[in-house]
Amino acid sequence: MENDVLIIHKIPRLVHIFIIICIISFSVFVGFYQLKPPDPEPADISLTQFSSGRAMEYLENIAVKPHPVGSEEHSRVRDYITEKVKEFGFKAEIHSSNPSVENIFVKVDGKGKSKDTILISAHYDTVPGAPGAGDNGSGAAVLLESLRVLKASEKLRNNIIFLFTDGEETGLYGSKAFIREYPYIDDIKIVLNFDGKGCSGYSLMFNTGKNNRWIVKEFAKAAPYPIAFSSSIKAADDAFGLNDFDGFKEINKQGLNFIFNKGLYAYHSKKDTITNLDERVIQHHGTNAVSLLKHFGNMDLEAEMRNEGDAIYFNIMRSLIVVYPKIWAIPLAILTVGLFGLLVWIGLKNNMFTIKGIVQGLICFVISLIFTFEIITIIESSTERVFKNHLEKILFNDFGDIFLASFAFLTIAIVSLIYNFLGKRISTLELLFGSFAYWIGMSLYYSVFEFGTSYLYTWPILLGLIGISVVVLYKEKTVKIRSFYIAFLLTAVPYFVLFTPAIYTYYVDQTLRLSGIYMWMFVLGLGIIMPYIYIVFKRKLWVLPVVSASLSAVIFAVGSLSLLN
């Protein structure tokens, strides 16, 4: 960067640093805030509203002991659910089927003549050894409270089926039996399934059926706290496992599949108790469930349901989901390639950078990705070996968050150190466009082969290119303050707003063991914002790696001492 063509107007360096930290912090906050569940509602709120307080009362009677299929406790839980259904004024039917499953079937007739039906389901059986407060007494309690809300509310147009499935833990046998044996399966237009994996987190809509654009748009419109990312569909089976929704997906039913998956120390264990369960996940599941039942329950589904193809979708704020057609993925990627090519051509024409410099910038970026992945992976595995007696705390408790923060600062130190050594003779624009070149490849790959994830790699680079165009198109050698921050905002904010929830959602389910991958994703962002930061630091490039490494060491030490105490 000794031959850099970009110099920012003189302004106190600390002012720039403060502004940059504020922009990044705010963007990360927006990314995390998308995942915030609603606060619990007490049992004495209006009877027409979902109350986690009331649902927890049901759960206290469901999650007393483990109740796997065929056990005496299973029969008690089955009887409790059926009695509560009768108490609410509905008829509960036990649908028995082989191998040894007893689904609880409740039908709420609509006021119209239409046969259109919405099915809402949750399994009530557990694995042996787990009381099942999270998996999946929470889902059963949500169904009970939602049923009670419908009883207290105005009757809906369409029929609603509440299905408490059995045998999910032994092989999805209850949902399979229902799909196989229910004579009016064709009347079911929409399926809503609620499950739990762990004891906290947020209600994530992580899977849908085919041709999902219509139903995702309706979900975004109707749910008060929608959280959904099309990138989760590809990883759904690996990250979250199969559940009752998958059988309905196989027969091409439209639907939405919900789960919470933090606090994995409780998953399928004796710790899956009501004491450990975060009540907010019940409220989040339930508020969305009731809103969706009322929304779809009053629609003319025969007339309004449409095949609009598959969608790409993602949160950008807590209650705002962007939804657009799958067919936009490739044109957006091509637009990005075109803009990249145009800016490179203009920059070359005006001697702002060289092809050799861009290639060197790309090499510097790739080396940062590789080194970071390898170093963080080694450190994480070493941490597990050193603290082998505390693995549950590291992997499944909030201690993992402390170590993840340490790895994040270490990643900043690694990348900035590499850029210090390899980037000295590469200009800021060459470093930036070298990183952009890698992003272009990722955008094209995901747009063609994994369209649901394409938004992560298309929007940050597209907006980043638009941002830097302010500098390139106006041939600025000395960067105006306004131009610098327009470019930085359009590059940094989209990355952190989109990648923060993506990385965290993946981390919550896959634990600290994939830290190398999480930090690789972090380096993707550092590669397109580090050149801007270096414009500010200039001759004091050593400051960033030293400060970042020091913070990483302090945080790691705090985490280690906390583990041992």
So which residues in the range 425-448 are surrounded by fewer than 23 Cβ atoms within 10 Å (Cβ to Cβ) and at pLDDT 95 or above, if there are any at all?
A437, Y438, I440, G441, M442, L444, Y445, Y446, V448
Which condition from (1) closer than 29 Å to L395 by Cβ; (2) free of Cβ contacts under 8 Å to residues at least 60 places away in the same chain is the one that W520 breaks?
(2)
Within the range 390-434, how many residues turn out to be under 24 Å from A557 (Cβ atoms) and either part of a helix (DSSP H, G or I) or more than 28 Å from the chain's Cα centre (by Cα) (or both)?
26
Of the numbered conditions (1) surrounded by fewer than 19 Cβ atoms within 10 Å (Cβ to Cβ); (2) at pLDDT 95 or above, D401 fails exactly one; give the number of that condition.
(2)
Which condition does V30 not pass, out of (1) assigned to a loop (DSSP other than H, G, I, E, B); (2) more than 17 Å from N136 (Cβ to Cβ), if it passes all the others?
(1)
For the range 527-538, does any single residue satisfy the condition of being modelled with pLDDT of 90 or more, assigned by TED's automatic domain parsing to the domain that holds F407 and not small (G, A, S)?
yes
Quick check: anything in the range 501-518 outside any helix (DSSP H, G or I), farther than 19 Å from L429 by Cα and either in the same structural domain as L335 (by TED's automatic domain parsing) or at pLDDT 95 or above (or both)?
yes
Checked the range 10-34 for anything surrounded by 16 or more Cβ atoms within 10 Å (Cβ to Cβ) and either polar (S, T, N, Q) or not assigned by TED's automatic domain parsing to the domain that holds A487 (or both); matches are S27, Q34
Between Y173, Y202, which is aromatic (F, W, Y) and farther than 30 Å from D39 by Cβ?
Y173
Of the residues in the range 90-114, how many are more than 18 Å from Y173 (Cβ to Cβ) and assigned to a loop (DSSP other than H, G, I, E, B)?
8
When you look at I370, is it closer than 30 Å to I440 by Cβ, free of Cβ contacts under 8 Å to residues at least 40 places away in the same chain and either of a type in the set (A, V, I, L, M, F, W, C) or surrounded by fewer than 17 Cβ atoms within 10 Å (Cβ to Cβ) (or both), yes or no?
yes
Any idea which of (1) loosely packed, with under 14 Cβ neighbours inside 10 Å; (2) touching an Asp or Glu at 6+ places or on another chain (Cβ under 7 Å) is the one L391 doesn't satisfy?
(1)
Selection within the range 546-565 - of a type outside the set (S, T, N, Q) and crowded, with 19+ Cβ neighbours inside 10 Å:
I555, F556, G559
Test: L47 is part of a loop (DSSP other than H, G, I, E, B) and either at pLDDT 95 or above or at positive phi (or both)
yes
Would you please list the contacts, defined by Cβ atoms under 6 Å and residues six or more apart or on different chains, that run from a residue in the range 276-291 that is over 21 Å from A63 (Cα atoms) and not assigned by TED's automatic domain parsing to the domain that holds I120 to a residue that is crowded, with 24+ Cβ neighbours inside 10 Å and of a type in the set (G, A, S)?
none
Single unsatisfied condition, T511 versus (1) closer than 29 Å to S382 by Cβ; (2) within 23 Å of the chain's Cα centre (by Cα); (3) β-branched (V, I, T); (4) surrounded by 21 or more Cβ atoms within 10 Å (Cβ to Cβ)
(4)
Filter the range 191-227 down to residues that are small (G, A, S), surrounded by fewer than 24 Cβ atoms within 10 Å (Cβ to Cβ) and under 25 Å from L172 (Cα atoms) and give me whichever is nearest to the chain's Cα centre (by Cα).
S200
Spot the failing condition for V142; the list is (1) closer than 27 Å to Y202 by Cβ; (2) surrounded by fewer than 24 Cβ atoms within 10 Å (Cβ to Cβ), and only one is missed.
(2)
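The values are calculated or read from the model by the stated rules, or taken from the named source; none is laboratory data. Remember, predicted model here, so these are calculated numbers, not experimental data. Methodologically, a virtual Cβ is constructed for each residue, glycine included, from the backbone with ideal geometry; neighbour enumeration extends over all protein chains shown.
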